[in-house]
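Worksheet: the structure to be examined is printed underneath.
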Amino acid sequence: MPNNRFAQFRSPIQGRLVQLEQVPDPVFAGKIMGEGFAIEPQTGDVTAPFNATVTSLMEDTRHAVGLTAEDGTEVLIHFGIDTVKLGGAGFVSLVAQGDEVKAGQLLLQIDLEQIRDKVPSLVSPVVFTNLPEGVGVTVEEGRTVKAGDVGFFSVK
């Protein structure tokens with residue numbers, strides 16, 4: 001799979017890159033949802049990584065958002081681990097399911113201080129849910145990215 005499909009994919013969160021296998025959740029670490037990477041967030045802002053349609057949004061909990069790009073690429077951004085159990089406390093959604101969003105647009109705002117001690121981890125998986133079988137994603141573990149950065153992962 002050519003990496004150019006992902007060349008303009010922007011980091012949706014500012015923070016430290018983590019390999020998906022290192023996420024402290026067996027569903028994400030086992031890549032059951034798909035291939036990707038994770039980010040240990042430094043801020044609570046989540047932005048659109050590309051022009052897309054919001055195809056899923058957990059309306060009650062606001063802890064995850066699914067996007068579909070114009071080229072059909074699907075991504076799930078899941079903020080933190082077990083954050084669904086917070087019932088939306090500390091999460092604000094600035095979009096709704098069905099909205100068209102532009103790359104860099106603010107999607108979610110999370111109060112890190114409010115949720116930090118209530119969940120096992122703030123590490124946030126970013127998963128491509130429709131990559132072909134056998135395609136992998138790698139990042140430079142520990143590298144810090146800013147929201148909007150490009151070229152920080154590879155797809156093979």
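We did not get these values from a lab; they are worked out from the coordinates using the rules stated. On a predicted model such as this, the values are computed, not experimentally measured, just so you know. Positions of Cβ are generated from backbone atoms using ideal geometry, with glycine treated the same way; all protein chains shown enter the neighbour counts.
Listed values, structure above:
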| read-out | value |
| --- | --- |
| 3J(HN,Hα) from dihedral phi, the stretch 116-123, Karplus parametrisation 6.51/-1.76/1.60, rounded to Hz, x for glycine, proline | 3, 8, 9, 10, x, 7, 8, 3 |
| Debye, to nearest 20: dipole size of the stretch 3-131, +1 on Lys, Arg Cβ, -1 on Asp, Glu Cβ | 180 debye |
| For the stretch 94-110, Karplus couplings with θ = phi - 60° (6.51, -1.76, 1.60), whole Hz, Gly/Pro x | 9, 9, 10, 4, x, 5, 8, 10, 9, 3, x, 5, 6, 9, 9, 10, 10 |
| Under-5 Å amide H pairs with SER124, H placed in peptide plane, nonlocal only | ILE39, GLU40, GLY80 |
| Among VAL126, VAL139, VAL46, residue whose mean-square fluctuation peaks in a GNM of the chain (springs only between Cα atoms under 10 Å) | VAL139 |
| Unit charges at the beta carbon, dipole of the chain: most positive-side option, MET58, VAL119, VAL23 | VAL23 |
| Environment charge of LEU108, counting only residues whose C-beta is closer than 14 Å and scoring Lys/Arg +1, Asp/Glu -1 | -4 |
| Under Karplus coefficients 6.51, -1.76 and 1.60, residue-wise ³J(HN,Hα) of the stretch 126-135 in Hz, glycine/proline x | 10, 10, 8, 8, 9, 6, x, 3, x, 8 |
| Dimensions (Å) - the stretch 5-70, Cα atoms, principal axes, largest first | 31, 29, 25 |
| Under-5 Å amide H pairs with LEU57, H placed in peptide plane, nonlocal only | GLY66 |
| Alpha carbon centroid spacing (whole Å) that separates the stretch 89-116 from the stretch 121-141 | 20 Å |
